[in-house]
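Okay, so here's the structure we're looking at.
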Amino acid sequence: MPDRATDRPQAKRRPARSKPQVRPTTEFYVVHIERWDWGFSFGVNPSCKHFPEPYSDYRHLEVHGRLLRPKAEMAGLTFLPRLDLDLAAAADLPASAEPKAVGSAHVRAGAFQGLLSMPHDVLASLLTALAAGHLRYVTLDGEPLFRGHAMIRRFSFQAAYDPDDLPDEAGRAR
């Protein structure tokens, strides 16, 4: 009788798995502002459970430009002012309501798009500075894009941008 141990085909060995790549935990996205727009609408809310307030007050700031870091052709950011993010209202939040992000970003068809919340009380100052041409860049700080999506933890509007002020794109300080 043949020896079963020698008749068995040798199992193919899988190549050793490489160590998973460590993804950076923070990415900086820089948008050069080319144009901006502010929209406002006000009206009566339809009576339904999703809109308990009697009135609808919708204000939003749209910023469009080029994404300088990481590189992309176009960028569009929409900032939505929220009353519950004003400093006085935020101080009353319970400790269990720790926020994870101020917005999100995604890439579709080569365009970088973001939807971000901002405190309602800074809108007037921000619009004044934009109208005067003092603000030319927006820097977002958040997760690296994963499957075209990222959560954004922080944003800032600036008059100037110096690439040396941020870590390089591989996450190493310059």
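No lab work stands behind these numbers, since they all come straight from the coordinates. Computed from a predicted model, the values in this text were never measured in an experiment. For neighbour counting, all protein chains shown are included, and Cβ atoms are generated from backbone atoms with ideal geometry for every residue, glycine included.
Mind ordering 61-70, 145-154 by average Cβ neighbours within 10 Å, highest first? Spell out each step's value before the answer.
Values: 61-70: 17.7, 145-154: 13.8.
Sorting 61-70, 145-154 by mean packing, highest first, produces 61-70, 145-154.
Using per-residue counts of other Cβ atoms within 10 Å, averaged over each peptide, order 27-34, 78-85, 108-115 from highest down. Provide the component values of the computation, followed by the final result.
Values: 27-34: 19.4, 78-85: 16.4, 108-115: 14.9.
In decreasing order of mean packing, 27-34, 78-85, 108-115 become 27-34, 78-85, 108-115.
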